[in-house]
Amino acid sequence: MIMSQIVSRAGLRLALVCVAALAMTGCDGRTEAEPAVSADRQATAFEEGLKGCAASAETLGEVWVGKPYAGLETYLAANPPADVASVRVIRPDTAVTRDYRIDRLNLSLDDQDVVTKLYCG
């Protein structure tokens, strides 16, 4: 009797561990709409040099770094770069995700809303 209870409890524990492990295998924080970028693709984007979003970031940075964000916001609304899928504004103490998106333009601002850096990722 006692032996069967021990086996039953051990079996229950094993089953719970298996269920927990199976549940965690599909949890990587992404949805199908936001696929991860492979390390190979990141390396390829780096090797391609200033193309796509990176070229836009450099061109815009030459003009807008040190200037108020309001002007850049107006400019981007009227002239959206074709190679940029989304724009993310990053102010001081703003929490941001660490996912790498080749076609996302990041705008870093200081506490006065002055553009300090433009980069892709």
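The values are calculated or read from the model by the stated rules, or taken from the named source; none is laboratory data. Everything numeric here is computed off the predicted structure, so don't read it as measured data. Cβ sites come from the backbone with ideal geometry, for glycine too, and all protein chains shown count toward neighbours.
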task = Tally the residues that are surrounded by fewer than 16 Cβ atoms within 10 Å (Cβ to Cβ), in a helix (DSSP H, G or I) and of a type outside the set (G, A, S), restricting the search to region 74-84.
result = 2
message = With the structure loaded, tell me whether S86 is among the hydroxyl-bearing types (S, T, Y), within 22 Å of the chain's Cα centre (by Cα), on the phi < 0 side of the Ramachandran plot and modelled with pLDDT of 95 or more or whether it fails that test.
response = no
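Just need a number here: residues in region 68-104 that are of a type outside the set (A, V, I, L, M), free of Cβ contacts under 8 Å to residues at least 24 places away in the same chain, farther than 17 Å from G52 by Cβ and out of contact with any Gly (no Cβ under 9 Å at 6 or more places or on another chain).
Looking only at region 68-104, we keep the residues that are of a type outside the set (A, V, I, L, M), and these are 68-69, 71, 73-75, 79-81, 83, 86, 88, 91-94, 97-101, 103-104.
Pick out the ones that are also free of Cβ contacts under 8 Å to residues at least 24 places away in the same chain and you get 71, 73-75, 79-80, 86, 88, 91-94, 97-98.
Filter once more, so that each one left must be farther than 17 Å from G52 by Cβ: 71, 73-75, 91-94, 97-98.
Those left that are additionally out of contact with any Gly (no Cβ under 9 Å at 6 or more places or on another chain): 71, 73-75, 91-94, 98.
Final tally of qualifying residues: 9.
How many residues does region 89-121 hold that are on the phi > 0 side of the Ramachandran plot and out of contact with any helix residue (DSSP H, G or I) (no Cβ under 8 Å at 6 or more places or on another chain)? Spell out the reasoning first.
From region 89-121, those on the phi > 0 side of the Ramachandran plot are 93, 113, 121; that's our starting set.
Adding the requirement that they be out of contact with any helix residue (DSSP H, G or I) (no Cβ under 8 Å at 6 or more places or on another chain) leaves 93, 121.
So the answer is 2.
Looking only at region 89-103, which residues are at pLDDT 95 or above and not β-branched (V, I, T)? Spell out the reasoning first.
Here is the first cut: in region 89-103, the ones at pLDDT 95 or above are 89-92.
If the condition is that a residue be at pLDDT 95 or above and not β-branched (V, I, T), then R91, P92 are the ones that fit.
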ask   = When both residues are 6+ apart or on different chains and their Cβ atoms are under 7 Å apart, which pairs have a first residue that lies in region 105-118 and is under 19 Å from T59 (Cβ atoms), and a second that is polar (S, T, N, Q) and outside any strand (DSSP E or B)?
value = L105/S56
